[in-house]
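Here is the structure we will look at, set down as structure tokens.
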Amino acid sequence: MRSTEWWKHAVVYQIYPRSFKDSNGDGIGDIGGILSRLDYLNDGTDSSLGIDAIWLNPVYPSPQYDFGYDIMDHRNIDPQYGSLEDFDRLLAEAHRRGIRIIMDFVPSVTSHLHPWFIESRSSAASPKRDWYLWRRTSGRTEYPNNWYGFFGGRAWEWDNKTGEFYYHNSLPEQPDLNWRNPEVARAMLDNMRFWYDRGVDGFRIDVLNYVYKDREFRSNPPCLGRRPYEMQRHIYEKDLTESYEVAGMMRAVADEYGEKMLVGEIYNPDIEYAAGFLGENKDGVNMVFNFSFAEAPFNPRRFRKEIENSERVIAKRGWPSYFLSNHDITRHISRFGGGARSMERARVAAAMLLTLRGTPFLYMGEEIGMAQTPLSRRDILDPPGQRYWPFYKGRDGARTPMQWSAAPYAGFSTARPWLPVHPDYPKVNVEKASGDSSSLLRFYRRLIWFRKEQSALLDGSIRFLDAGGKTLAFLRESERQLLLVCMDFSGGGTRFSPRGLEGASGRLVFSSHDISNPEISCDSIKLPPYGVMIAEI
Ligand code: GLC
Ligand code: CA
């Protein structure tokens, strides 16, 4: 590994700033709160989580229609979260602990309150008119084409002042930029430079597959579906292969600095398409998120298929990465069944995430087993949730405050938080988990610190073993080390003999359970219910 490729060995921790920790008692998480919890994330010892990088969801000034994904000013910090000085302090304090900071970059849209859009909207002759996507038709009853927005409704918003429509894939308050205009591309790339110059270590790039739209604005072809958005094939307003170019432009800017990491959110389960953003000869992003892995059910065969797919498709061009939860999808502990044994399943999931070949992304709270928060209609703040309730309840349930302790509001704030705290917080919280040697948190810590020392886990190849339908088993092999990793997905425990390892024996180096005899015979491996074992062969 080249030293510039630090991200290949990193465990990344995603922080949704609004909900991590409130430092000034207004019920909203902020940078001061993150600063106060850096030692929890990594204080250099194994009594901290041990993560290597933080991905921060947007903290830029925003009217918060889409909770920060509607940016008004790309070069500042929203006063709700702090100031530029606070951010610089966060960078310095994080770096002092060996933690890198990855910001969120939202290329395709801005807020309707961004000065660029205010200028663009002011007149059809504005020098910034062409910075956004304006179309003229015979009048307000004739849409420019049949495109619908991802959050519902037509993607075209009528603007009375100039009698034209502008395009927005998300909310009307999030007009889409025109990346075909070189001035836009230049201005946006300069915004990235602004943060690199401050010392930011990279970007998570929001919906990179939405950047370019069809040059001719052709209508999408129809297909069967329930809602209007689903009744067309989205081939003209997203998923264009032309958008690969943008990844290349961003790479070139990152390379002006060296050691910078880019991970693309390609909101599309087609991993072949997503892989295109990795570019050829390192002229794309370093990693892309793997949504088909993230959304797979708790089934070892399905995960194996997704991982092998990723190995086949991603590995040729770049470096794999894996996540199971984020701020947009239902927390995996809830997706995997919840109930009395949910913590055990979460442990298996964590073991998988942290032992694959690739960079794991954790979502804040998963390390203590935070579940999706059940909310009632009046609590819903996420616009698609408000729109589609009760068919789709929105994303708030995955965004509720981090559960620090059994104190009121889970120790997140002294005031009523912006979203309710999950009612399980007296039992599920950091303070309690830290003191319990059998907790999920202690398991994450132990495995993350273990991982740092294992060359096979960091750099080794991966090869799956046939171990039946209950178990996921694979070998990780580096020049110095051969590790067998296996875990029981059935909850009933298993005994198996992986094909290809007949007669081999090994020594247990990591386990979820206390196992008295560290000697392993590969002819008969016994896994306790939801057990995880790593053996050196
Ligand atoms: C991305 C973000 C999501 C946001 C959307 C629209 O998918 O992750 O939170 O709502 O883009 O901007
Ligand atoms: Ca606050």
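General remarks:
- Some residue of the stretch 61-70 being within 16 Å of ligand 1 (Cβ to nearest atom) and among the small types (Gly, Ala, Ser): yes
- Exclusive hit being over 21 Å from Phe336 (Cβ atoms), of a type in the set (A, V, I, L, M) and surrounded by 20 or more Cβ atoms within 10 Å (Cβ to Cβ), set Leu458, Leu483: Leu483
- Per-region count, the stretch 471-525, residues in contact (Cβ under 8 Å) with a residue 12 or more places away in the chain and closer than 22 Å to Glu344 by Cα: 25
- Selection of the stretch 158-175 for residues being within 16 Å of ligand 1 (Cβ to nearest atom) and either of a type in the set (Gly, Ala, Ser) or touching a His at 6+ places or on another chain (Cβ under 6 Å) (or both) yields Ser170, Glu173, Gln174, Pro175.
- Residues of the stretch 367-381 satisfying the condition of being touching a helix residue (DSSP H, G or I) at 6+ places or on another chain (Cβ under 8 Å) and either under 18 Å from Gly337 (Cα atoms) or not in a helix (DSSP H, G or I) (or both): Glu367, Ile368, Gly369, Met370, Ala371, Gln372, Thr373, Pro374, Leu375, Ile380, Leu381
- Considering Gly82, Gly25, Gly32, the condition of being at pLDDT 95 or above and buried (at least 22 other Cβ atoms within 10 Å of the Cβ) is satisfied by Gly82 alone.
- Helices (runs of 4 or more DSSP H) wholly inside the stretch 38-125 that include at least 2 residues being outside the structural domain of Gln14 (by TED's automatic domain parsing) and more than 16 Å from ligand 2 (Cβ to nearest atom): 115-122
One line per residue, one yes/no per condition, for (1) touching a strand residue (DSSP E or B) at 6+ places or on another chain (Cβ under 6 Å); (2) in a strand (DSSP E or B); (3) surrounded by fewer than 18 Cβ atoms within 10 Å (Cβ to Cβ):
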{"site": "Lys161", "(1), (2), (3)": "no, no, yes"}
{"site": "Tyr166", "(1), (2), (3)": "yes, yes, no"}
{"site": "Ala185", "(1), (2), (3)": "no, no, no"}
{"site": "Arg193", "(1), (2), (3)": "no, no, yes"}
{"site": "Arg226", "(1), (2), (3)": "no, no, yes"}
{"site": "Glu242", "(1), (2), (3)": "no, no, yes"}
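- Which listed residue is under 23 Å from the mean Cα position of the chain (by Cα), crowded, with 16+ Cβ neighbours inside 10 Å, within 16 Å of ligand 1 (Cβ to nearest atom) and part of a loop (DSSP other than H, G, I, E, B), from Val246, Val285: Val285
- Restricting attention to the stretch 5-35, the residues that are assigned to a loop (DSSP other than H, G, I, E, B) and within 16 Å of ligand 2 (Cβ to nearest atom) add up to 12.
- Condition met for Met261 (surrounded by 22 or more Cβ atoms within 10 Å (Cβ to Cβ) and in contact with a Gly (Cβ under 7 Å, 6 or more places away or on another chain)): yes
- Checked against the criterion of being free of Cβ contacts under 8 Å to residues at least 12 places away in the same chain and either crowded, with 20+ Cβ neighbours inside 10 Å or closer than 19 Å to Ser170 by Cα (or both), the candidates Glu230, Glu237 yield just one match: Glu230.
- For the stretch 491-532, a tally of residues being closer than 22 Å to Gly337 by Cβ and crowded, with 19+ Cβ neighbours inside 10 Å returns 6.
- Qualifying residue in the stretch 127-143 (condition: within 16 Å of ligand 1 (Cβ to nearest atom), assigned to a loop (DSSP other than H, G, I, E, B) and under 13 Å from His168 (Cβ atoms)): yes
- Looking only at residues of the stretch 289-319 that are in contact with a Phe, Trp or Tyr (Cβ under 6 Å, 6 or more places away or on another chain) and hydrophobic (A, V, I, L, M, F, W, C), we find that the one that is farthest from Lys8 (Cα to Cα) is Phe298.
The values are calculated or read from the model by the stated rules, or taken from the named source; none is laboratory data. Every value quoted in this text rests on a predicted model; they were computed, and no experiment measured them. Every residue, glycine among them, receives a Cβ derived from its backbone with ideal geometry; neighbour counts consider all protein chains shown.
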